[in-house]
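> Pasting a structure here, questions to come.
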Amino acid sequence: MTVINATSIDEVVTALREYPAARLLQGGTDVMVEVNLNRTGVGDVIALRRVSELRRWHVDDESRIMRLGAGVPYAELERSPLCDLLPALAEAARTVGSPQIRAAGSLGGNLGTCSPAGDGLPVLSACDAVVHLQGSTGSRDVSIHDFMLGVKRNARRPDELITAVSIPLTRGFQGYAKVGTRNAMVISVASACLVHDSEGGSVRLAFGAVAPTVVRARVAESWLADALSLRGPLAVTPRIAQEFGRRAAMECAPIDDHRSTAAYRRHAVAVLAERLLLRAASSNASGGDAR
Amino acid sequence: MTPSASTTTRTNTGTATTSRGVLGTSALRPDGLPKVQGRFAFSSDAWADNMLWGATLRSPHPHAAIRSIDVSGALAINGVSAVITADDVPGQLTYGLIASDQPVFARDVVRYAGEPVAAVAADHPETARRALAAIRVEYEVLRPLVDAEDAIAGSFPAIHPDGNVIRRQRVIRGDQNFTGEVVVEGTYEIGMQDQAFLGLEAALALPDDDGGGIELFVATQWLHEDQKQIAACLNLPTSNVRLTLGGVGGAFGGREDISLQVHCCLLALKTGRPIKMQYGREESFFGHIHRHPARIFMRHHADRDGTLRRVEARVVLDGGAYASTSSAVLINAVTHMQGPYTCDIATVDGYAVRSNNPPCGAMRGFGVVQACFAHESQMDKLAAACGMDPVEIRLKNAMTTGDKLITGQVMESVAPVERCIRETAALPLPSALAETPDVLALPGGSGLTARTSNIKRGIGWGVSMKNLMYSEGFDDYATARCRLADGVVTLQFATAEVGQGFVVLAQQIARSVLGVDTVLLEPISTAIGSAGSTSASRQTWMSGGAVDGACRVVRERLFEHVAAVHNIDSLRLAINGTDVVDTMGALRISVATASRDLVLDETFEHHHRATEELDENGQGNCHVAFAFVAHRAVVDVDTELGLVKVVQVATAQDVGRVLNPLAALGQVEGGIAQGLGLAVMEEIVLVDGKMRNPSFTDYLLPTALDAPDVVVSMIEEPEPQAPLGAKGIGEPPCISVTPAIVAAIRDATGKDLARVPVRPQDIVFG
Ligand SMILES: Cc1cc2nc3c(=O)[nH]c(=O)nc-3n(C[C@H](O)[C@H](O)[C@H](O)COP(=O)(O)OP(=O)(O)OC[C@H]3O[C@@H](n4cnc5c(N)ncnc54)[C@H](O)[C@@H]3O)c2cc1C
């Protein structure tokens, strides 16, 4: 077992070339669970904790795109100033585990694990985020929609590090809602993120834990776009919200497992979509604004 | 944490502490500070030079024949000192609390997924893990018996030489043809709950140099019962197996049975080296027994005015693969089916069956939890059928001292059922949902799912009766020793301190009885006689009685000494504060002075009154005593998503006497949290005998955000039978709170909800 305490992205990439089977370790909140579960020993480890570049974020003034380092912990996402810039991500971050987990866990790890129940992922999907990867032969940008391939499968190549995600900042409501069977510290049974881009004129909806990977409810999104104007405040009636939820729920493919049933999950996402849209409408009405 | 989401507690007993820490004060426990500061040594912190690590190989199958076991691969690994199987057990091949039916290691057949098959000792936990992986076991997988009804119907071949029915017990009383003017019935289900103690199983075994004995440091509930079972398996005289209690992080019944004790000792004797064993969370789920899942049919008969006349019940408890305490859990369930209500006619039929599910045994509430969920759900149905409200019907039928139970036993305990209900009803209700509520305090909590217009509030009731101490003729006595020298008391007992706080209670007793300030505690070990188990709400009564008795005998001897020196009658002497005083004269000397150059050392056994076994009709004086409690739950339910927030639980509990207000409150609040867990989230999910959620990721326990406000009224009517006037208070808090919460959810939603835990989908689609 070799442990490499990298201090820069370059060092990580070099180390990955040398130890292709090594585990990347950021907060360790998934890695350590897996190590204990599989009882396999840890193997070689490349620790990312000291790579300060992964902990940085900044907003490009012109494009209004947030570039968020993969190692920024949830504890930072849930607080100001980031929570004001990315409200849905902050709401999702606040649902992750406990304060201890949020102090260590990161979006990079959430993407690395790529569980369908990962709470950061529906937000990235609804925000049309881009994942930045750095390998020994160069870097590439992958849309979040192409990055998530299936249950705990993603498009990262073994020699690549996730360095950051880019998230366009939008004007308008955004929110995250997650159903679990206790009131905190619970793995998602079903979740939803809704982003209203009031300038661009779109409402985007993504679901977690109701399919092998996060799903975007594109059919319902375009139905909504036909049903009302999405620019500026939303004139949503309760009937529209309900129909939006009903249609969106048809776009997921939930399963029965020990946490819940497919029928409940489908029902839950319909309710979440409906409520998020109503929240979006009332927040517009009261002049709410993500920025 | 927002104030509304935290547990705020009001109590009528106060929390005054005096510096002396006598009975009735919130004296601080000696292990309290070390625990919150992380300095307390739990069993898993034990360490010895030169020690090896033990680990257990378990069956992946719920039912399979073992064709062969090849340990050679494991033995070939560098650092592995021993591999043992059933062939290495020198004594009795099985153990068990009531019937010795559980193998130390499975030999020919495995009867549950997780059953131990072999164990290894190695120089490092990692080596031990690799050794386990290198053991080759050839299984022939057999069809598992997983439905309790198959065991009862006899439609499945016996999975154990003792058969598939562990015990059947009827309770038959009164006119069996009686039909009430009002009849209500229902079938209720209780899921499998885990004790989920936070301090995992752990032990350290130190073999004697000559291999003829062993010392074991272990987290357990009953040292002497462990000692007896371990010695039989090791084929050693009991006195050569010496146990000392390791630091215990909770028990709740889950440490009554043997888990790693025998394995650890066997490895130590085989290797001649200290062995440490400890389970991780996942293994713990397989390593201890659970609460019996149950299916209970009940029919209640009443007069039109709500007077309860007859209860009928069919109770089925799934005991899993081995007997453990199933037969005792069953008699608790069948003898408590009437609840805390007067009822003359009973027709109860109960089964505890064997299956290829994980073994079940003791857990806080011990059979009464299951019975109570059924009878309290029924009382609400009866109330509805009679056009009464839930409080009214319970008051109308409330049991009193002198009533005859369905077993024919006369209720001799103080039975303030009516007072429990009335005082609970008098406790303040929580304020209504605010217009802009704290979102974290709504159903769904941090998930931000709630929409206020979809939230309905409900109120529900539960009342229970619970037996205290062991039943059916068992003499579960307790022993304690008190030594007074130079004004300092040293106490010795084998009472397992599992978190309940007996260590402080014992000190309080000695301070009160003997007027001393300093009370030292000897290690808790088998160096003294048995204290019985820390279970059945019995240690305050039993070990408290023993400590009290030992202190009183010492006090008599001190008085005799003082009387002799001062030439007066010892009957005139009393303890006043920290002095010995002559109640008829001027003499006053401090206990310290009076006991100078004196060593008074007395041992005392406390026995409760004798009980009897039930006859075939379930008649007999089988229980020692009873305690009562009422719970009122207020819940907010997101009716559309089926999510629940328990807002408040109010409770008035019959405690006899409060000996330590803070400790009593801890039991009440903790029990309520555990009962809430069973009501809305805690369940071991089994599919074909296999556990689907053996982790805290998926076996959900209530968090601080799920815990309700708790408002408490302690009802103090000293129990004449109890040595200190105090009843056991450990179990009642977790019993009727579960049906109270479910009743509140029914009130909010109008759904039937005949099963716990109530899942969101049960509310949405139920
Ligand atoms: C008690 C508990 C509660 C939890 N609750 C939640 C919850 O509510 N919601 C939720 O979504 N998750 C939850 N998790 C899971 C976990 O916290 C999250 O998935 C978290 O985002 C993981 O981040 P990390 O930094 O700890 O990742 P790590 O454990 O360090 O890594 C996770 C995976 O990602 C890879 N990885 C990490 N960083 C990179 C990178 N920069 N580039 C490429 N690969 C990388 C690692 O190699 C590994 O495969 C919980 C975990 C625990 C232990």
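The values are calculated or read from the model by the stated rules, or taken from the named source; none is laboratory data. Everything numeric in this text was worked out from a predicted model, so none of it was measured. Every residue, glycine among them, receives a Cβ derived from its backbone with ideal geometry; neighbour counts consider all protein chains shown.
> Looking at the stretch B:684-703, which of its residues are within 16 Å of the ligand (Cβ to nearest atom) and either at the interface with chain A (Cβ under 9 Å from one of its Cβ atoms) or more than 17 Å from residue A:33 (Cα to Cα) (or both)?
B:693, B:695, B:697, B:698, B:700, B:701, B:702, B:703
> Kindly list the number of the only condition in (1) away from chain B (no Cβ under 14 Å); (2) away from the ligand (no atom under 12 Å from the Cβ); (3) of a type outside the set (D, E, K, R) that fails for residue A:88.
For residue A:88, the exception is condition (1).
> Filter the stretch A:135-146 down to residues that are under 21 Å from residue A:14 (Cβ atoms) and touching a residue at least 40 places away in the same chain (Cβ under 8 Å) and give me whichever is farthest from the ligand (Cβ to nearest atom). It would help to see each step written out before you state the result.
Step one: list which residues in the stretch A:135-146 are under 21 Å from residue A:14 (Cβ atoms), which gives A:135-140.
Right, trim to touching a residue at least 40 places away in the same chain (Cβ under 8 Å) and you get A:135-136.
Working: A:135: 11, A:136: 14 Å.
So, considering only residues that are under 21 Å from residue A:14 (Cβ atoms) and touching a residue at least 40 places away in the same chain (Cβ under 8 Å), the one farthest from the ligand (Cβ to nearest atom) is A:136.
> Going by the structure shown, is residue A:62 away from the ligand (no atom under 13 Å from the Cβ) and under 24 Å from residue A:141 (Cβ atoms)?
Considered against the rule, which asks whether it is away from the ligand (no atom under 13 Å from the Cβ) and under 24 Å from residue A:141 (Cβ atoms), residue A:62 comes out as yes.
> Could you please tell me which pairs satisfy a Cβ distance under 7 Å, a separation of 6+ or placement on different chains, a first residue in the stretch A:102-129 that is within 14 Å of chain B (Cβ to nearest Cβ) and within 19 Å of residue A:87 (Cβ to Cβ), and a second residue that is of a type in the set (D, E, K, R) and more than 7 Å from the ligand (Cβ to nearest atom)?
Close Cβ pairs (under 7 Å, with a partner that is of a type in the set (D, E, K, R) and more than 7 Å from the ligand (Cβ to nearest atom)) amount to A:102/A:78; A:119/A:178.
> Which ones in the stretch A:18-44 are within 12 Å of chain B (Cβ to nearest Cβ), within 7 Å of the ligand (Cβ to nearest atom) and either surrounded by 14 or more Cβ atoms within 10 Å (Cβ to Cβ) or touching a residue at least 12 places away in the same chain (Cβ under 8 Å) (or both)?
A:29, A:30
> Shifting gears a bit: Looking at the stretch A:195-203, is at least one residue within 14 Å of chain B (Cβ to nearest Cβ) and of a type outside the set (Val, Ile, Thr)?
No, every residue in the stretch A:195-203 fails to be within 14 Å of chain B (Cβ to nearest Cβ) and of a type outside the set (Val, Ile, Thr).
> Shifting gears a bit: Could you tell me whether any residue of the stretch B:301-314 is over 30 Å from residue B:170 (Cβ atoms), surrounded by fewer than 24 Cβ atoms within 10 Å (Cβ to Cβ) and outside the structural domain of residue B:731 (by TED's automatic domain parsing)?
There is no residue in the stretch B:301-314 that is over 30 Å from residue B:170 (Cβ atoms), surrounded by fewer than 24 Cβ atoms within 10 Å (Cβ to Cβ) and outside the structural domain of residue B:731 (by TED's automatic domain parsing).
> Sticking with this structure for a sec: Could you tell me how many of the residues in the stretch B:442-471 are within 14 Å of chain A (Cβ to nearest Cβ), of a type outside the set (A, V, I, L, M, F, W, C) and more than 23 Å from residue B:734 (Cα to Cα)?
Applying the first criterion (within 14 Å of chain A (Cβ to nearest Cβ)) to the stretch B:442-471 yields B:442-455.
Right, trim to of a type outside the set (A, V, I, L, M, F, W, C) and you get B:443-447, B:449, B:451-454.
This time we only want the ones that are more than 23 Å from residue B:734 (Cα to Cα), so: B:444-447, B:449, B:451-454.
Going through the stretch B:442-471 one residue at a time, the tally reaches 9.
> Can you report the number of residues in the stretch A:171-202 which are away from the ligand (no atom under 16 Å from the Cβ), of a type in the set (S, T, N, Q) and either within 16 Å of the chain's Cα centre (by Cα) or modelled with pLDDT under 95 (or both)?
Qualifying residue count, the stretch A:171-202: 1.
> Of the residues B:670, B:620, which single one is touching a residue at least 40 places away in the same chain (Cβ under 8 Å), within 22 Å of residue B:470 (Cβ to Cβ) and surrounded by fewer than 23 Cβ atoms within 10 Å (Cβ to Cβ)?
B:620
> Need the failing condition index for residue A:164 against (1) within 10 Å of the ligand (Cβ to nearest atom); (2) touching a Cys at 6+ places or on another chain (Cβ under 9 Å); (3) more than 30 Å from residue A:258 (Cα to Cα), just the number.
That leaves (2) as the condition not met.
> Still on this structure, please answer the following. Give the stretch B:423-441 a look and list any residue that's farther than 13 Å from residue B:629 by Cβ, more than 14 Å from chain A (Cβ to nearest Cβ) and not in a loop (DSSP other than H, G, I, E, B), or say none.
Passing the criteria: B:425, B:426.
> I need the full set of residues from the stretch B:708-766 which are among the hydrophobic types (A, V, I, L, M, F, W, C) and within 14 Å of another protein chain (Cβ to nearest Cβ), in order please.
Those that are among the hydrophobic types (A, V, I, L, M, F, W, C) and within 14 Å of another protein chain (Cβ to nearest Cβ): B:741, B:745, B:756, B:758, B:763, B:764, B:765.
> In the set B:255, B:242, which member is surrounded by fewer than 23 Cβ atoms within 10 Å (Cβ to Cβ), among the charged types (D, E, K, R) and either at pLDDT below 95 or closer than 28 Å to residue B:492 by Cβ (or both)?
Going through B:255, B:242 in turn, just one is surrounded by fewer than 23 Cβ atoms within 10 Å (Cβ to Cβ), among the charged types (D, E, K, R) and either at pLDDT below 95 or closer than 28 Å to residue B:492 by Cβ (or both): B:242.
> In addition: I'd like to check which helices (runs of 4 or more DSSP H) are fully inside the stretch A:1-112 and have at least 2 residues that are modelled with pLDDT of 95 or more.
Answer list for the stretch A:1-112: A:9-18, A:74-77, A:82-85, A:87-95, A:99-104.
> Kindly indicate whether any position in the stretch A:90-111 is touching a strand residue (DSSP E or B) at 6+ places or on another chain (Cβ under 7 Å), of a type in the set (Ser, Thr, Tyr) and surrounded by 21 or more Cβ atoms within 10 Å (Cβ to Cβ).
yes
> Conditions: (1) surrounded by 21 or more Cβ atoms within 10 Å (Cβ to Cβ); (2) modelled with pLDDT under 95; (3) among the hydroxyl-bearing types (Ser, Thr, Tyr). Residue B:651 meets all but one. Number of the miss?
For residue B:651, the exception is condition (2).
Yes/no per residue for (1) closer than 30 Å to residue A:59 by Cα; (2) more than 13 Å from every other protein chain (Cβ to nearest Cβ):
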{"residue": "A:214", "(1), (2)": "yes, yes"}
{"residue": "A:217", "(1), (2)": "yes, yes"}
{"residue": "A:223", "(1), (2)": "no, yes"}
{"residue": "A:227", "(1), (2)": "no, yes"}
{"residue": "A:230", "(1), (2)": "yes, yes"}
{"residue": "A:239", "(1), (2)": "no, yes"}
{"residue": "A:267", "(1), (2)": "no, no"}
{"residue": "A:271", "(1), (2)": "no, no"}
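> Then there is this: Suppose the filter is surrounded by fewer than 24 Cβ atoms within 10 Å (Cβ to Cβ) and within 14 Å of another protein chain (Cβ to nearest Cβ); does residue B:640 pass it?
On the way: surrounded by fewer than 24 Cβ atoms within 10 Å (Cβ to Cβ): yes; within 14 Å of another protein chain (Cβ to nearest Cβ): yes.
Judged against the criteria, residue B:640 is a match.
> Do you know which residues across the stretch A:195-212 are more than 13 Å from residue A:230 (Cα to Cα) and surrounded by 22 or more Cβ atoms within 10 Å (Cβ to Cβ)?
Result: A:205, A:206, A:207, A:208, A:209, A:210.
> Follow-up. Select from the stretch A:108-134 the residues that are more than 11 Å from the ligand (Cβ to nearest atom) and charged (D, E, K, R) and list them in ascending order.
Matches in the stretch A:108-134: A:128 only.
> Within the bounds of the stretch B:453-461, is there any residue that is within 25 Å of the chain's Cα centre (by Cα), more than 30 Å from residue A:117 (Cα to Cα) and buried (at least 22 other Cβ atoms within 10 Å of the Cβ)?
yes
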